[in-house]
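The block underneath contains the structure these notes are about, expressed in structure tokens.
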Amino acid sequence: MSQFSNAQNKNFAEIRNEEGAVISGATIHVLNTDIYLLSNSAGQFTIPDLPKGIYPFEISSIGYARVEKQIQIPHIGDMLVIQLARSTMQLDAVVVTAEKQEANIQNVPISITALSSRDIDAYRLWASEDLKGIVSNLYSANPGDGRNVISIRGITSTSYDPAVVTYIDGVPQFTLDTYIPQLFDVDHIDVLKGPQGTLYGRNAMGGVINITTKKPDDQIHFSLEASAGNYGMQRYTFQFTAPLIAGKLFLGVAGLYERSNGYYTNDYNNTHFDKQHRFGDNIYLKYLLNSQWSFTLNMKNLWNRNNGAFALNPSVANAFVNPYHLDQNAIGEMIDNTLNSSLMIRHTGAKVDFSSLTAYQSNYRIYQTPVDGDFSPLDAISIVNNYGKPWNKVNAWTEELRLSSATASSSPLKWTVGSYLFLQKAPNEQGVHFGADAAAVGSPDSNYTVINTTKLKNQGIAFYGQAEYAISKAFSVTAGIRYDYQQSTEEVSGLYLPDGSTTGFVTQPDTSGKASFNAISPMASVSYHVNENAHIYVSYNRGYRTGGLTQLSTDPTQPPLYPYQPEYSNNYELGFKSNYFSNRLHANFAVFYNTVQDAQIPTLILPEAITVIKNAGGVTSKGFEAEIQALPLTGLEVTYHLGYTHAVFTSGDLSSNGNQVPLSGKYQVFTPVMTSMLAVQYNKHITKSASAFIRGEWYYFGKQYFDLTNQVLQPDYQLFNASAGITYYQFGLSVWLRNITDVKYIAYAYNFGAARLGDPSTIGITLKYKLR
């Protein structure tokens, strides 16, 4: 039994299935706390000794649909009996952290796609890039180095400051440098669509991806998973959690190893080009002082090695002529080490809840061998950054303090206030080497390196508040506001270094600049609950992406240390959420209209391969989303997600090497006009200890562009995936196929035309063992 039992009033609850049989080993989580309980062999658990009030509980057990239930503490009267239905008969209740408080998704006035751990397994989500298409109006891709460009509703990343911010266990992944894209040990993922500036602040322009990993509890859990497939693919994960001191101190450890021979062959030396492997871990130590105070220490690492980070052809046409072949004399062997660590302190009070989240993130990323800058066998241009530490190591500290109304408060007013501080340092040294064939790319000289050095420091603070007032049981209004302030300082210098020389001569003397930015991000929404199964809302949210200082380049139209201003978006949304037929049908819809002001226009400067940014014009994005999940027959689950986005520039000019290109009427990049996904899965219980499933998925991606002048185009295409498997006691076996018809499509391309194909047809097998 839990140590949280009330010594003077033993408050117990009991969990049973529809036939009345007790369910042992069920997990009970008191939402917005770190209290996790387990039902005993009699299906009972002790209701924790918390301040008086009504608390939301989430109850789950393998093979049963997850439910959310309000429980009075202390519980008065007969023993409380909670009934669970089998997952083949009822859909899960979905709990999300959209408003930095755990709540049922159907009650939150935001368009959200929520994926449970079961969904993550079913879709075979191994990295955040795999979310594309599954989440309506979301696109994600990377050039091969693991840094994903994520777009939601036509708001997309154009620099290392993303347009969609990713949170892992409540910690914002500060930039594209410091986040971990691999998905393992994940309990659930919530994708919030549209600006979330009030609660989430900087860089939540297009939305937020909330990733929550599995938490340790009072029982030993162990799982092991092994996968193998074509192209030399191997992937192994494990998870182990256990109480070190029952009811007090808990340990959680998870690990990842994956490798692949890659999809590309380098015809220059007839070798695998993008052969890669990586290690990852996630380590937790959680201490419960009592039922109200908890302390959680967490460390995540990813060690990534890629023997050909940028598997790119020089043009889109070339990519299709000889698929998955390239011809490069420079390889670009990447070392990419990322650390994320945090300390969470949490208090659940009678009147006020409190939390403190302190985090440190770092990333060290170099190329042991140069990256090919001309994408050819010529020794013309290559990118060099292996200059040793501390160069190319990014460090970021963040601290968030938050107060909110008590979880069990019966007041019609619910509120949250908080502050956020950050400090980032990013020293970067990168060289462009012009080799013996430099004349072929127009260089008057050869065998030299142009080295640009940048020392960047960002620091800032934010304050925010949001409140919801329930006018009646049906009507509620929510309003909030946030103030962000950031100061950026940057130092740049340049050096021309002939091969064999150790001194060279200065092309840009040490120069420094400073800029500061601030933003106010309000929000407001009105919610109407037609009944307990239907919810209508209308909302306004403002988003904010931070400004900065331009880097040093050879383009005379792009002076260094020129400040570019923040980018703002205003999103108007109307949504409808519903739940019908005894939780066998979820149907959520939303329409949106989004305007972007002071759009940050990126220009990739060659041959340095750096991006400089200017503010120019605006963007209008409008569209709709529909997400439907149903159990039409016992064991048959159907999911359909549809998204439409029309995102175009309304004004602005693109500056490139002295030329001005009008942007008005051009489509936004990395934004398919439509995303459509249909998944059908049939689950069958063969015996009491054995079950099987078969699953099919269809994806449709509409036309999209990869450059702002709309010259690099990917027409619409379709993908098909399938899987099937069996489970026997704690063992599972499944086979899967992805991109069954081997469709060739451009997944990523730069504005100058260099392109990377999406993954070819792959097939594999997965073995699982799970203890509890």
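The values are calculated or read from the model by the stated rules, or taken from the named source; none is laboratory data. Owing to the predicted nature of the structure, the values given are computational and were not obtained by experimental measurement. Note that we place each Cβ from the backbone using ideal geometry, even for glycine, and neighbour counts take in every protein chain shown. These accessible areas exclude ligands, DNA and RNA; they are computed on the full protein's heavy atoms, side chains included. Shrake-Rupley method; radii C 1.70, N 1.55, O 1.52, S 1.80 Å.
Things to note:
- Rel. contact order, % - alpha carbon contacts under 8 angstrom, at least six apart, the chain: 10 percent
- Measuring between their Cα centroids, the range 207-231 and the range 240-265 lie 7 Å from each other.
- Sorted on the mean count of surrounding Cβ atoms within 10 Å across their residues, most packed first, peptides 499-507, 668-676, 382-390, 719-727 read 668-676, 719-727, 382-390, 499-507.
- Apportionment of accessible area to carbon and sulfur, the range 292-437, percent (1.4 Å): 62 percent
- Volume of the Cα convex hull of the range 369-464, divided per residue and given in Å³: 179 Å³
- Expected 222 nm ellipticity per residue - DSSP helices of 4 or more, -39500 (n - 2.57), all of the chain, to 500: -500 deg cm²/dmol
- A Förster distance of 35 Å, applied to the separation of the beta-carbon atoms of Glu18 and Phe222, puts the FRET efficiency at 0.75.
- Remark: relative contact order (the range 45-93) = 38 percent; criterion is Cα-Cα distance under 8 angstrom and separation of 6 or more residues.
- Over the range 425-542, the hull volume per residue, using the convex hull of the C-alpha atoms, is 193 Å³.
- About the centre of its Cα atoms, the chain shows a dipole size close to 1780 debye [charges on the beta carbon of Lys, Arg (+1) and Asp, Glu (-1) only; nearest 20 debye].
- Overall dimensions of the range 594-752, expressed as equivalent-ellipsoid semi-axes from the Cα gyration tensor (√(5λ), whole Å, largest first), are 44, 18, 13.
- The range 120-240 - percent of accessible surface contributed by carbon and sulfur, probe 1.4 Å: 58 percent
- Of the residues Ser87, Val712, Tyr123, the one whose Cα sits farthest toward the positive end of the charge dipole of the chain, with +1 on the Cβ of Lys and Arg and -1 on the Cβ of Asp and Glu, is Ser87.
- When a 1.4 Å probe is rolled over the protein heavy atoms, the share of accessible surface on the range 44-104 that falls to carbon and sulfur comes to 50 percent.
- The range 98-146 and the range 432-487: distance between their alpha carbon centers, rounded to Å: 22 Å
- A dipole drawn for the chain from +1 and -1 charges on Cβ atoms has a positive end, and of Val135, Asn304, Pro216 the residue lying farthest that way is Pro216.
- Computed from the Cα positions only, the extents of the chain along the three principal axes stand at 89, 51, 48 Å, in decreasing order.
- Using the average count of surrounding beta-carbon atoms within 10 Å as a protection proxy, the listed peptides 132-144, 397-409 rank, highest first, as 132-144, 397-409.
- Accessible surface, per residue, of the chain when the full set of protein chains is kept, probe 1.4 Å, Å²: 39 Å²
- If you take the alpha carbon atoms of the range 13-121 and fit the smallest convex hull around them, that volume is 116 Å³ per residue.
- Annotation: extensible slack from Lys684 through Phe576 equals 35.6 nm (criterion: 0.36 nm per residue apart, minus Cα-Cα distance).
- If you take the Cα centroid of the range 561-586 and the Cα centroid of the range 282-329, the two points sit 27 Å apart.
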